[in-house]
1. So A:Ala24 fits all but one of (1) farther than 21 Å from A:Ser270 by Cβ; (2) surrounded by fewer than 20 Cβ atoms within 10 Å (Cβ to Cβ); what number is the exception?
2. For the stretch A:135-147, indicate whether the set of residues that are more than 10 Å from chain B (Cβ to nearest Cβ) and farther than 21 Å from A:Leu94 by Cβ is non-empty.
3. Restricting the stretch B:193-234 to residues that are within 16 Å of ligand 1 (Cβ to nearest atom) and without any contact (Cβ under 8 Å) to a residue 12 or more places away in the chain, which is farthest from the other protein chains (Cβ to nearest Cβ)?
4. Quick one: how many residues across the stretch A:227-248 are closer than 17 Å to B:Asp249 by Cβ and surrounded by fewer than 22 Cβ atoms within 10 Å (Cβ to Cβ)?
5. Looking at A:Thr132 and the list (1) of a type in the set (Ser, Thr, Tyr); (2) over 22 Å from the mean Cα position of the chain (by Cα); (3) more than 12 Å from chain B (Cβ to nearest Cβ), which single condition is not satisfied?
6. Checking the conditions here, which among B:Leu302, B:Leu349, B:Leu331, B:Leu307 is modelled with pLDDT under 95 and surrounded by 15 or more Cβ atoms within 10 Å (Cβ to Cβ)?
7. Which of the numbered conditions does B:Ile266 fail, given that it passes all the others? Conditions: (1) more than 29 Å from B:Asn306 (Cα to Cα); (2) away from ligand 2 (no atom under 16 Å from the Cβ); (3) among the aliphatic types (A, V, I, L, M).
8. Residues that are in contact with a Gly (Cβ under 8 Å, 6 or more places away or on another chain) and within 15 Å of ligand 2 (Cβ to nearest atom): does the stretch B:220-228 have at least one?
Protein chains: 2
Amino acid sequence: MKLKIAVLPGDGIGPEVTNQAIKALNAIADAFDHEFIYKDALVGAVAIDETGNPLPPETIAVCEAADAILFGSIGDPKYDNNPDAKVRPEQGLLALRKTMGLYTNIRPVKAYETLLEKSPLKTEFIKDVDFTIYRELTGGIYFGKKNLSEDGKTASDLCEYSDYEIERIAHHAFKAAQKRKNKLTLVDKANVLESSRLWRRVVTEVAKSYSDVTLEFLFVDNAAMQMILNPKQFDVILTENMFGDIISDEGSVIGGSIGLLASASIGDNSALFEPIHGSYPQAKGQNIANPIASILSAAMLLEQFNLVDEANLVRQAVEKSLELKVSTPDLNKENSFSTTRVGDFIAELILNNE
Amino acid sequence: MKLKIAVLPGDGIGPEVTNQAIKALNAIADAFDHEFIYKDALVGAVAIDETGNPLPPETIAVCEAADAILFGSIGDPKYDNNPDAKVRPEQGLLALRKTMGLYTNIRPVKAYETLLEKSPLKTEFIKDVDFTIYRELTGGIYFGKKNLSEDGKTASDLCEYSDYEIERIAHHAFKAAQKRKNKLTLVDKANVLESSRLWRRVVTEVAKSYSDVTLEFLFVDNAAMQMILNPKQFDVILTENMFGDIISDEGSVIGGSIGLLASASIGDNSALFEPIHGSYPQAKGQNIANPIASILSAAMLLEQFNLVDEANLVRQAVEKSLELKVSTPDLNKENSFSTTRVGDFIAELILNNE
Ligand SMILES: [Mg+2]
Ligand SMILES: [Mg+2]
C-alpha cells in the first residue's frame, strides 16, 4: 500500500517522539513492502514563530493532500504565560480538526500487564481492561451558541445535536465494536436531556444494522463511577463531545501510564493520529520523552487503512519493549533508555518479528 | 436547642435506616439536653400507594413547618419496571427539592482508615482523603430550556446561570471551607463555556469576602482525573449542577463504601438530609441494611444548626463502630450485626462518650 502521510511534529517533545513513530512506520514499510511518503508541515508554537499563524495555509494544503496526519504535540510556555497573546499554539489543533472535519475522536484505554503497579487502581480492578472511547468532537455544547446578557449577569451555552452528527460517528463506533468484543455502551443523560434522548433514538436506529453488537446505555454520572468500579465491562464507549471529554480523560488515568495513550481524530476525508500527552516542554531536546504513545498512534494509523497485521505487530513490539523494560525514565527510573534508543529497539523488534 | 424535624422515611430500606438515625439524634438530645420533635410524612412509592401522589400536599406542609427534613430513600421496582407509570417515586424528591428551594447539594467524601481495603484505589492514593462537594442543584442544563425540532431531527438543551444562583451557593461553599482546610476548588470548563466564565467571575468576586480561603480553578475533565490521581488535594469543591452530578458520583466510589455516604440539600429556608444510597428494595425488612449513611446524614443535620460538638460525637461513634467491626453484612461478612444492632450500638456509644 502507498500512503501519503503529513507529519506535523509541533512543539516541545513532539518532534522527538514523532521521529520514533516514523521509525516504526518505516520498519513496517520495509517488512510488508508498503510505501509511506512523508511530508512535514508546521503547527503550533513553531508555526506561530515562523509564520505568525498556528495553522498556516501551507500546512492545511499538506494535510489535504495526505491520506493521514501524524501529529506530535503542541503548546509552549511562552504563550501559556502571556495572557495578552492573541494567537495560541493550541488553536492550531482546534482549527485543524475543524478544517479537516475530524468529528470522531478515538481514545483506546488498555491496562498493560507490566504496568499494573503504576495504576492508581488496585490490580483486580484494572487488570485486563481494554476498551476504546468514541467521542463526538465537533458538536454539542462546546460549539453551541454562547450568550452573555448585556448586563453581564446571565450566561448560557447551548448543547445542540442533529441526527446526522450522531449517525456518522455511531457507524464508526459500531464497526469498531464488530472488530472488538461486540459491545457498545452509549453514555448519555437521557433521563434529563433532550439532546441525550435524540442520541438514544438515533443510536438505537443505527444499531439495527449491527445486530451482532450488543447495545447498552449508561448515564454519564454512572459511567464516571463504573470507570473506576468496573472498567473491564467496557468494550466500545460512544458519547457526545463534553461527556466524552470528561470520561476519556478519566479513563486515561486509570491505567497509570498516560504517556502510553494514543488517539485518533477521524472525519470522512481525513484522519489525524496523535499521542494524548502534551508537549512537555521541560523535557524538550533531552532525549528522555516516552515515544510509546506516538508509536501507538502510528499503529492506529495503520489500522485505519485496514493494515491490521501491521498495527498488531507495532503493538506487540511496544508490549515486548515494556516487558523487557527497554523504557524511558518515566517507566524505568533505575535503568532507563533514551527516546531514540526505545524507538530503535521497537523498530528492530518489528523488523525481526515479522 | 429545640428542633422540629420532618421525617420522610420513604421506600425500601429507607424506614429502617432512618430509624437508626433517629436513635442517634435521640441520644444526642439526651446527652446535650436538646429537644428534637419528629413528625413523619409520606414520600415516594409509599405516598403514591396511599395518595396517588409521590409528594402529597400534607408532606409539603410538614416539611414547611419543620426546621429540617430527615429523608430516607425512594424507589420501588414495581414503578421502575412499568414504562406506562404516570407518576414515579423519584418525582417526589425532585419536587421536594424544587418546592423547598434546595439549591445547594453537599456531598462529603471521606476515606475511613478501617475501610481502605475496600477502595478500588490503592491505599497511597485514597488514604487521608477528606473533602466535600458543593453542587448547584436547581439550575444549569438539567433545568434549562429543552427543544426538539418539529421533524425530530435536532434536539437541544440550554445551560444557563445567573449571578445570584452562583453567589448564594458560593457563600455556603466558602463558609464550609473556613470551617475545614480553607481551600476551595471551583470546577468548571471556563476555557470553553460562557456559563463557566460567569461562574469564575462571580466566585472570584465572592472570594474577596473570604480572604482566608485559597481559591483554585480546575477544568472538569482535569477534575475527573484528579479525583483518581490525587483526591487528597481537595478540601471544598464548588461546581455547577451537571459537573457536580458527574464529579460527586465519581467521588462517591473512590472510598469503596458508598453505603457510608451522606448528603445534604439546603436552601434559604429549609434543609434536607439523606443517605446517597438508594432504596435497595431487595434488602427491605431484612434488618441487614447499613444505617451509617443515614446516621451520618443526621450528623450533617446537627452541623447545619451549628451543633458541631454533637455532630462530631455522632461521627466519632460511627468511626468507633467501624473500628470495632460492629457492622452490617456489607462491611463485615463473617461476623455481621443487624441494622438495629448497629443503630443501638452507635446510640449507646454517643451516650457513653458524652
Ligand atoms: Mg479534556
Ligand atoms: Mg447522579
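1. Failed condition: (2).
2. no
3. Looking only at the stretch B:193-234, we keep the residues that are within 16 Å of ligand 1 (Cβ to nearest atom), and these are B:193, B:196, B:217-229.
Within this subset, residues satisfying the condition of being without any contact (Cβ under 8 Å) to a residue 12 or more places away in the chain are B:222, B:225-226.
Values: B:Asn222: 7, B:Met225: 5, B:Gln226: 9 Å.
Among residues in the stretch B:193-234 that are within 16 Å of ligand 1 (Cβ to nearest atom) and without any contact (Cβ under 8 Å) to a residue 12 or more places away in the chain, the one farthest from the other protein chains (Cβ to nearest Cβ) is B:Gln226.
4. 3
5. Failing condition for A:Thr132: (2).
6. Going through B:Leu302, B:Leu349, B:Leu331, B:Leu307 in turn, just one is modelled with pLDDT under 95 and surrounded by 15 or more Cβ atoms within 10 Å (Cβ to Cβ): B:Leu331.
7. B:Ile266 satisfies every listed condition except (1).
8. Yes: one or more hits.
The values are calculated or read from the model by the stated rules, or taken from the named source; none is laboratory data. This structure is a prediction, so every number in the text was calculated from the model and none was measured. Here Cβ is always computed from backbone atoms with ideal geometry, including for glycine, and neighbour counts include all displayed protein chains.
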